[in-house]
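The structure under discussion appears below in the form of C-alpha cells.
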Amino acid sequence: MNVSRATTEDLRLPDWLRPKLGKASEISTVQQIIKQRGIHTICEEGRCPNRAECYAQKTATFLLMGPTCTRSCAFCQVDKGHQPMALDPHEPQKVAEAVDLLGLNYVVLTSVARDDLSDQGAGCFVETISAIRQINPQTKIEVLTPDFRGDRTCISTVVSASPVCYNHNVETVRRLQGVVRRGAKYERSLLVLEFVKQLDPKITTKSGLMVGHGETESEIVETLQDLYAIGCTSLTIGQYLRPSLEHLPVKKYWTPSEFDRLGDIAKQIGFTHVRSGALVRSSYHASEAI
C-alpha cells in the first residue's frame, strides 16, 4: 500500500474522524470527581475522543504520578519539558475512592514516564492496585505502563500485583521509533511484553499502534508479527491525530476500509482481541479483551 505524499497543509480532517460527543452529563460527572480529588485521567489529559462512551460503560483510565512526563515523544499531548511534580502519597487512595464513586467495573491504570524516580513509578502502580482492591475487590484492573527503560525489577514489581492485563504500546513501526518515540526503543518494548508473559503466562498482554506517521502496510504487518511472536494477543490500532503544530504532522489519514483490513490481518495472524479504527485508542473497549 502506497503512503500518501500529501503535505500537512493538503490534509483535511475526514468526516470519519469527527468523534461522537456523547452526553455532557457523563463527562461532567467524571470530571467533577477527578477534579475534587486532584487526580488525573489520560482520558482528559489526552483529550480522548471516546471518553464519554467509556465513562458510560463504567470504564476509565487513570493517569498516575502527575500529568508531566520525563520523556519528550513527538506525538503525545501529555505535558512535558519541565520538572514533574512530587508524588502524592495519597494518590492510590484517591484513585480507589474515585473508582468506588464512579462504580467502575474495569479500570486501566497508566502513567507518565517517571525516569526521575528510583523505581520509575512501579511501586505506585502496585500501591494503587492494592488500594482499589481493598475498596472494590471485584473491579478488574489493567495496567498500561511505560517501558521502565527495560528494568526487569520494575516490570516484575508490577506483574507481582497480578493485573488482568498488561498493556505496553509499541506505538509505531520499527523504522519510525526514533522519530515518534524519543527515548524509547522498539526491541525494548517487545522485551517488556515478552518478559511479562515469562513471569506470568496467565496475564493477557496487549499493545497498540498509531498509524499516520508514514508507515506502510507491510511495516505494520511486520510489527504485528513481532508482537504475536512474543505472546501478545490483544491489539489496538488507531489514527494519529496531531495535537498541535508543535507535534509531528499527520502524513496520512487511513480510511475505515483500511482499518478494517488491518484488523482482519491481525486476526489472521492470531490476535484474539483486535480493535482497529480511526478513533480507537489504547483503552478503547478494554474490558472486552479479558
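The values are calculated or read from the model by the stated rules, or taken from the named source; none is laboratory data. Just so you know, these numbers come straight off a predicted model, no measurement behind them. Please note: Cβ atoms are built from the backbone with ideal geometry, for glycine as well, and neighbour counts cover all protein chains shown.
Go through region 67-92 and give me each residue that's in contact with a strand residue (DSSP E or B) (Cβ under 6 Å, 6 or more places away or on another chain) and either farther than 19 Å from GLY38 by Cα or at pLDDT below 80 (or both).
Of everything in region 67-92, those that are in contact with a strand residue (DSSP E or B) (Cβ under 6 Å, 6 or more places away or on another chain) and either farther than 19 Å from GLY38 by Cα or at pLDDT below 80 (or both) turn out to be PRO67, THR68, CYS69, SER72, VAL78, ASP79, LYS80.
Are there any pairs with C-beta distances below 9 angstrom linking a residue in region 93-109 that is touching a residue at least 12 places away in the same chain (Cβ under 8 Å) and farther than 20 Å from THR145 by Cα to a residue that is in a strand (DSSP E or B) and aromatic (Phe, Trp, Tyr), with the two at least 6 apart or on different chains, and if so which?
Here the result reads ALA98/PHE62, each pair linking region 93-109 to a residue that is in a strand (DSSP E or B) and aromatic (Phe, Trp, Tyr).
Tell me, yes or no, whether region 138-156 has at least one residue that is touching a residue at least 24 places away in the same chain (Cβ under 8 Å), farther than 30 Å from GLU222 by Cα and either touching a strand residue (DSSP E or B) at 6+ places or on another chain (Cβ under 7 Å) or outside any loop (DSSP other than H, G, I, E, B) (or both).
The answer is yes; a qualifying residue exists.
Filter region 237-276 down to residues that are within 19 Å of the chain's Cα centre (by Cα) and of a type in the set (Ser, Thr, Tyr) and give me whichever is surrounded by the fewest Cβ atoms within 10 Å (Cβ to Cβ).
My answer is THR272.
When you go through SER234, SER207 one by one, which is the residue that is of a type in the set (Gly, Ala, Ser), closer than 20 Å to ARG152 by Cβ and surrounded by 18 or more Cβ atoms within 10 Å (Cβ to Cβ)?
Just one listed residue meets the conditions, SER207.
Modelled with pLDDT of 95 or more and in a strand (DSSP E or B): is that true of LYS206 in this structure?
Here the answer is yes, as LYS206 does meet what is asked.
Which of the numbered conditions does VAL95 fail, given that it passes all the others? Conditions: (1) surrounded by fewer than 17 Cβ atoms within 10 Å (Cβ to Cβ); (2) modelled with pLDDT of 70 or more; (3) touching a Ser or Thr at 6+ places or on another chain (Cβ under 8 Å).
Against the list (1) surrounded by fewer than 17 Cβ atoms within 10 Å (Cβ to Cβ); (2) modelled with pLDDT of 70 or more; (3) touching a Ser or Thr at 6+ places or on another chain (Cβ under 8 Å), VAL95 comes up short only on (1).
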